[in-house]
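Student: My structure is below; once you've seen it, I'll send some questions.
The values are calculated or read from the model by the stated rules, or taken from the named source; none is laboratory data. The structure presented is a predicted model; accordingly, all values stated were derived computationally and were not measured. The area values use the complete protein model at the heavy-atom level, side chains included, leaving out ligands, DNA and RNA. Shrake-Rupley method; radii C 1.70, N 1.55, O 1.52, S 1.80 Å.
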Amino acid sequence: MDTTAYFFDLLKIILPALLVAGAIFFLFQQFLEKEQQRRLMELRLESSKTTLPLRLQALERVTMLLERITPNNLLVRVSSAGLTATDYHRLLLQEIRAEVEHNLSQQLYMQPETWAAVKQAQESVVNLITTHYQALPTPQEARGPELARHILEGLMTNQFDPTAAALLAVKREAVAMF
């Protein structure tokens with residue numbers, strides 16, 4: 001009987017101690033998880049303070065790229081005076097390529113879908129210019145201003161802006177950051 005009483009007395013001491021130790025362990029584990037989440041949030045906040053301006057700047061630069069390669073703006077900026085249609089066609093394509101190459105690194109700060117829309121806009125502008133060049137009655141004998149006029153007339157009749165979808169994608173990404 002003595003051992004049974006001793007065993008129950010020991011159980012009376014050990015069982016509450018185990019319950020308290022288990023509760024402390026559980027609370028301590030929850031505290032550590034919360035602390036880890038807090039530190040992760042602080043790290044993300046600090047990181048976003050650095051990357052947010054870079055991402056916004058990249059979106060601004062890509063917006064400028066798209067505005068610069070929009071056919072209306074491109075034709076105004078790149079003069080066709082004194083050039084043949086072939087030379088003007090080559091100069092327009094070279095200008096588009098140079099603009100895109102100059103801003104190529106901005107894709108690092110953008111969503112892949114947005115950059116794909118920018119590349120699609122570039123290809124659409126190149127295709128538009130090439131299509132209008134090839135649609136000239138005699139492309140090798142035509143002059144640069146004739147090609148420019150042909151492109152502008154095509155834009156007015158079709159009401160098609162090849163960069164509009166990409167600009168919209170860039171704006172959506174910018175809005176999504178806030």
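Student: Just the number: Rg to Rh for the chain, Cα atoms, Kirkwood Rh, two decimals.
Tutor: With Rg and the Kirkwood Rh in hand, the quotient comes to 1.56.
Student: So how exposed is Lys119, as accessible area in Å² (1.4 Å probe, rounded to 10)?
Tutor: Per-residue accessible area (Lys119): approximately 70 Å².
Student: Further question: What percent does the relative contact order of the chain come to when contacts are Cα pairs within less than 8 Å and at least six residues apart? Before the final figure, lay out each step's value.
Tutor: Values: 129 pairs, mean separation 51.2, N = 178.
Over the chain, the number comes to 29 percent.
Student: Leaving out ligands and nucleic acids, note down the accessible area per residue over the chain with a 1.4 angstrom probe, in whole Å².
Tutor: 68 Å²
Student: So what's the back-of-envelope 222 nm ellipticity for the chain, counting only DSSP H runs of four-plus at -39500 (n - 2.57) apiece and dividing by all residues, rounded to 500? Intermediate results must be reported in sequence, preceding the final value.
Tutor: Values: 6 runs with 144 residues, N = 178.
Roughly -28500 deg cm²/dmol at 222 nm, from the helical runs in the chain.
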